[in-house]
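These notes concern the structure reproduced below.
The values are calculated or read from the model by the stated rules, or taken from the named source; none is laboratory data. Predicted, not measured: the structure shown is a model, and the values here were computed from it. Every residue, glycine as well, gets a Cβ built from its backbone with ideal geometry; the counts of neighbours run over all protein chains shown.
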Amino acid sequence: MDLLKDALAGNSYPGRGVLWCTVGDGTRVGGYFLTGRSAASQARTLRLTPEGELVVAPSDVREHDSLRHYVAARLGGERLVFGNGEQVSTVADRLDDGLAPLLALDGLDYEPDPPIFTPRLTVIADGGERGQAWLGAARRSAGARTTTDRLTLGVSDLAPGEGVLMTTYSSRGSQIATGVPFTEVRTTARTRHDLLDEIWSALPPQLRVAAAVFTPGDLPNAEIRQA
């Protein structure tokens, strides 16, 4: 199991990432972060709406781009849904309609952004005692197929310090590839505030855009850090 800070610091361009973990005080915490290389990707903010959603918004409201600007976290039924694109709202709507988490994650596709074809990463987190979560990734095949590979991982009972990380990209230097399906990580964070510090300090400083941490039952009080 890798240290979270090492898993992030060792990835020169992680893109966007989702994290589900238990911090040292026993709190179940979700995390979401954005990094960007282009001016358009850098010109984004994370903010909470009056409706209690966490959105990725453009710095200039006239510059909407559906692949860069979206609801990043909201409630679906009684569960928290967060991820890296417009599929977050789709999954949350399905949960509102009574679908089970595995069915709510079904049928998603990777982003239509050649040549990298960014995976869509989605987490459904339960605020219950076991801290159950379902992490989904819709990925393009590494072969010639253009159909989507859909992976779902269910986790629960994470001990303090344990977590699961997913990033859109894995990069060493100038070579960028689709990120691995998931990485089990350890965090030294005692509180969710410490976790935000740990994430932020490990991300490449020149690429940092925003990061947030939140708990399933308290999304309106998410902690947010901006570049």
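Go through the stretch 102-116 residue by residue and tally those that are in contact with a Leu (Cβ under 7 Å, 6 or more places away or on another chain) and assigned to a loop (DSSP other than H, G, I, E, B).
Total meeting the criteria: 2.
Which numbered condition in (1) modelled with pLDDT of 95 or more; (2) more than 21 Å from L121 (Cβ to Cβ) is the only one that E63 fails?
With (1) modelled with pLDDT of 95 or more; (2) more than 21 Å from L121 (Cβ to Cβ) applied to E63, the lone miss is (1).
Taking the condition hydroxyl-bearing (S, T, Y) and over 16 Å from the mean Cα position of the chain (by Cα), does T49 pass? Lay out the reasoning, then the answer.
Values: hydroxyl-bearing (S, T, Y): yes; over 16 Å from the mean Cα position of the chain (by Cα): yes.
It is true that T49 is hydroxyl-bearing (S, T, Y) and over 16 Å from the mean Cα position of the chain (by Cα).
Right, V123: more than 12 Å from the chain's Cα centre (by Cα) and either hydrophobic (A, V, I, L, M, F, W, C) or modelled with pLDDT under 95 (or both) or not?
Details: more than 12 Å from the chain's Cα centre (by Cα): no; either hydrophobic (A, V, I, L, M, F, W, C) or modelled with pLDDT under 95 (or both): yes.
Spelling it out, it is not the case that V123 is more than 12 Å from the chain's Cα centre (by Cα) and either hydrophobic (A, V, I, L, M, F, W, C) or modelled with pLDDT under 95 (or both).
Hey, could you check the stretch 79-98 for residues that are in contact with a helix residue (DSSP H, G or I) (Cβ under 9 Å, 6 or more places away or on another chain) and either among the aliphatic types (A, V, I, L, M) or surrounded by fewer than 17 Cβ atoms within 10 Å (Cβ to Cβ) (or both) and say which is nearest to R16 (Cα to Cα)?
Let us first name the residues in the stretch 79-98 that are in contact with a helix residue (DSSP H, G or I) (Cβ under 9 Å, 6 or more places away or on another chain), namely 79-83, 90-95, 97.
Going one step further and asking which of them are either among the aliphatic types (A, V, I, L, M) or surrounded by fewer than 17 Cβ atoms within 10 Å (Cβ to Cβ) (or both), we end up with 80-81, 91-93, 95, 97.
Numbers: L80: 18, V81: 15, V91: 18, A92: 19, D93: 22, L95: 24, D97: 28 Å.
Here the answer is V81.
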